[in-house]
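The values are calculated or read from the model by the stated rules, or taken from the named source; none is laboratory data. Keep in mind that what you see is a predicted model, and the values were worked out from it rather than measured. Ideal geometry is used to build each Cβ from the backbone, glycine not excepted, and the neighbour counts take in all protein chains shown. All accessible areas refer to the heavy atoms of the entire protein, side chains included, with ligands and DNA or RNA removed. Shrake-Rupley method; radii C 1.70, N 1.55, O 1.52, S 1.80 Å.
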Amino acid sequence: MPQESKANPLLSLRGIRKSFGAVEVLRGVDLNVYSGKVTALVGDNGAGKSTLIKGIAGIYPFDGGDYVFEGESVQISDPRAANDLGIEVVYQDLALCDNLDVVHNMFLGREEKRGLILNEDDMERRARETLDGLSVRTLKSVRQQVSSLSGGQRQTVAIARAVLWNSKLVILDEPTAALGVAQTAQVLSLVRRLADAGLAVILISHNMVDVMEVADNIAALYLGQMAAQVEASDVSHGEVVELITAGRSGELGIQPKNGEGAA
Amino acid sequence: MSTQDTAASTTSGGLRGAFSDYVDRIRGGNLGSLPAVLGLVVLVVLFTVLEGQTFFSAFNFANLMSQAAMIIVLAMGLVFVLLLGEIDLSAGFAAGTSAAILGVTLTQNGWPLILSLIACLGTGLAIGLFIGLLVARLGIPSFVVTLAMFLALQGLMLLIIGEGGTIGIEDEFVIAVQNRNLTPIAGWILFLVVLVGYALFSGLRLRRRIAENLTHEAVSVWIFKVATLAVLGGIGTFLLNQERSRRPDITSIQGVPYIIPLILILLIGLTFVLARTGFGRHIYAVGGNAEAARRAGISVSRIKIACFMICSTLAAVAGILFASRDNSISPTTGGSTTLLFAVGAAVIGGTSLFGGRGKISDAVLGGLVVGVIANGLPLITSQAGIQFIVTGLVLLVAASVDALSRKKSTT
């Protein structure tokens, strides 16, 4: 199974470029994301993680490079197009409405209706199926207002919302940044279960402990270039940190002969 | 397994469970309509004790309903705007301007009633569209836009009404809205239709949700709600059906005022829009977290424009009620304390000034509280100063409760 998915990445980016005015933020980035695997996207502030993610999600178009999804080259012009492909992003601020309950939030903007009327029964049933499918047992009721939830529970709701739509790729932006120890463990195990259920997951994180714990695959960005994308089992904590801070680690990474990478 | 758990948590314990849930909610800062209900009870007891003869009479009860009706309708519109976290200070004069259009076309130009009504409501709609465009497209704070409109509409109204100063209304339909009543039999039929309709609708929904193992309230809670409606509605209908004419031998005045079914229709219709349609859900979403709503693909500016249009159109409806109650339109129609009372009503009822929380029924409850104050205070003191101070204080208390509950629920 891993070999098979290895051969065909769900998402494959080749030579992605993106500039904002005179600033070249992404300089020929390659990235492979596989179904059933957690791909950690790491890199220092300003390495281009957010730009890469927003491009994948269709917030803005890349200037150059190939965007290949399920083996086909695609043009993503807006977030809807990304959603239609099965790509969902859970942003760091979660984008939940505190005054609505869990079901309402999961279906926000894509409510199920019978004629004019909201189909609350079906929405509640589907929300519960999704949460049960993810083995979420931390919610008291799907009719709880989000304002009454803890940070970890909110993260859970946001992730569940992302997988509700038969999505194939879920992008998580710093899901554990604001959480305590116990809740971080809960969310990480949820991330693991997403991948085990066959989804492709991109996890952005600054926390190396989290990355080493849950990632199958680590992609390190360094100053707008992909320093290296490696199997998590092949590298040590220290090597990843070197990739992030210097762009290379021994044999791995951007070698000085490239010229630009040796800063 | 967890399916069972999630469903069970809201059903177990029946009435007692529901009560402890309610206490938890209040502790958590979500007071809902509790302050309004308490306030209503306290005020009614207070005024009855101080000035029972006049206050607690059948005549005054009907009078109070008609006074409160205008505040309630105006407040219903404001709920839509407040839900977004916006404000409409011009709603009072939107009511006045629309009423002026009604008066001029009907009395001076002799238009048919239906055309005049359309012109009146259309005026409200246009005012709301204008405000909404300025707020949503240009991004001017609604406070400033509607403050400017507060002044501009006042001027527009003066121009429309012209030199005469007051326009009389003679149309029987417009006058009937606030001054005529259902026959006692029709009143009881209305009561039964509403009661049975509510019991049937909510009961069938409850049965379906129990059968399909979805979250639902306890059956005992449903029985309690239906029983409360039966008792309160029954008492209200009975009181309104009493003879309240001072000279029954000359003219008999009894029955439920027409205004009550009108308010009921608005209450049910608008509650349906807010609670059961995608549009209503999106209003709450925009009020709760506009950025999240935008990312979910909701057109925030369209929702905003629509809410301002609903608000001003309901203000036009309130304008018709003003015209009907006074049998005329004057430059002060919709002015003075009108808007303050309406905003106060919505907030006292439990609608948050910070957006995202509120219901149409808040406007009804809060409108009754404000109506009782406006009706009862002049009976105990003739000093206008005291009346203003008390009303201002009530609004401040309501806003404080709102701010405190928000603070509590976010920390």
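Looking at region B:256-329, what helices (runs of 4 or more DSSP H) fall wholly within it and have at least 2 residues that are small (Gly, Ala, Ser) and within 9 Å of another protein chain (Cβ to nearest Cβ)?
B:278-288, B:290-295
Considering only region B:95-144, state which residues are within 19 Å of residue B:171 (Cα to Cα) and free of Cβ contacts under 8 Å to residues at least 60 places away in the same chain.
The answer is B:101, B:105, B:108, B:109, B:110, B:111, B:112, B:114, B:115, B:116, B:118, B:119.
Quick one: how many residues across region B:235-255 are assigned to a helix (DSSP H, G or I), among the aliphatic types (A, V, I, L, M) and without any contact (Cβ under 8 Å) to a residue 12 or more places away in the chain?
1
Yes or no: region B:192-204 includes at least one residue that is open to solvent by 50 Å² or more (accessible area, probe 1.4 Å), assigned to a helix (DSSP H, G or I) and within 14 Å of chain A (Cβ to nearest Cβ).
yes
Conditions tested, residue by residue: (1) aromatic (Phe, Trp, Tyr); (2) under 14 Å from the mean Cα position of the chain (by Cα); (3) closer than 18 Å to residue A:33 by Cβ.
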{"residue": "A:172", "(1), (2), (3)": "no, yes, yes"}
{"residue": "A:190", "(1), (2), (3)": "no, yes, no"}
{"residue": "A:236", "(1), (2), (3)": "no, no, no"}
{"residue": "A:252", "(1), (2), (3)": "no, no, no"}
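What single numbered condition from (1) within 30 Å of residue B:138 (Cα to Cα); (2) buried (at least 21 other Cβ atoms within 10 Å of the Cβ) fails to hold for residue B:299?
(2)
Taking residue B:362 as the residue in question, decide whether it is among the acidic types (Asp, Glu) and open to solvent by 20 Å² or more (accessible area, probe 1.4 Å).
For residue B:362, the condition - among the acidic types (Asp, Glu) and open to solvent by 20 Å² or more (accessible area, probe 1.4 Å) - is not met.
Give the number of residues within region A:80-108 that are within 10 Å of chain B (Cβ to nearest Cβ) and under 23 Å from residue B:355 (Cβ atoms).
16
Return the residues of region A:37-79 that are under 19 Å from residue A:158 (Cβ atoms), within 14 Å of chain B (Cβ to nearest Cβ) and open to solvent by 40 Å² or more (accessible area, probe 1.4 Å); say none if nothing qualifies.
A:54, A:59, A:79, listed by residue number.
Search region A:234-252 for residues that are on the phi < 0 side of the Ramachandran plot and pair each with any residue that is among the charged types (D, E, K, R) and modelled with pLDDT of 85 or more when their beta-carbon atoms are under 6 Å apart and the residues are at least 6 apart or on different chains.
Listed by first residue and then by second, the contacts come to A:244/A:44; A:249/A:239; A:249/A:242.
Can you tell me which residues in region B:11-31 are modelled with pLDDT of 70 or more and either among the hydrophobic types (A, V, I, L, M, F, W, C) or in a loop (DSSP other than H, G, I, E, B) (or both)?
Result: B:15, B:18, B:19, B:23.
Only one of these is modelled with pLDDT under 95 and open to solvent by 60 Å² or more (accessible area, probe 1.4 Å): B:150, B:130, B:93. Name it.
B:150
Taking the condition of being farther than 15 Å from residue B:34 by Cβ, of a type outside the set (Ser, Thr, Tyr) and out of contact with any Asp or Glu (no Cβ under 9 Å at 6 or more places or on another chain), how many residues in region B:365-411 meet it?
26
Given the criterion under 23 Å from residue B:16 (Cα atoms), open to solvent by 60 Å² or more (accessible area, probe 1.4 Å) and either under 20 Å from the mean Cα position of the chain (by Cα) or among the hydrophobic types (A, V, I, L, M, F, W, C) (or both), identify the matching residue among B:224, B:238.
On inspection, the qualifying residue turns out to be B:224.
Anything in region A:109-129 that is open to solvent by less than 20 Å² (accessible area, probe 1.4 Å) and facing chain B (nearest Cβ under 7 Å)? List them, or say none.
Correct list: A:118, A:121, A:124, A:128.
Just need a number here: residues in region B:380-399 that are part of a helix (DSSP H, G or I) and open to solvent by 60 Å² or more (accessible area, probe 1.4 Å).
Total meeting the criteria: 7.
Got a sec? Which of B:367, B:371, B:355, B:376 is on the phi > 0 side of the Ramachandran plot and either in a helix (DSSP H, G or I) or open to solvent by 10 Å² or more (accessible area, probe 1.4 Å) (or both)?
B:355
Pairs only if they're at least six apart or on different chains, beta carbon under 7 angstrom, first in region B:183-197 and closer than 22 Å to residue B:224 by Cα, second among the β-branched types (Val, Ile, Thr); list them, first residue then second.
Within 7 Å, the pairs are B:188/B:237; B:190/B:256; B:191/B:237.
Name the residues in region A:233-251 that are open to solvent by 50 Å² or more (accessible area, probe 1.4 Å) and of a type in the set (A, V, I, L, M, F, W, C), would you?
Answer for region A:233-251, where residues must be open to solvent by 50 Å² or more (accessible area, probe 1.4 Å) and of a type in the set (A, V, I, L, M, F, W, C): just A:241.
Out of the residues in region B:252-296 meeting the condition of being of a type in the set (Lys, Arg) and open to solvent by 40 Å² or more (accessible area, probe 1.4 Å), tell me which one is modelled with the highest pLDDT.
Only one residue tops the list, namely B:276.
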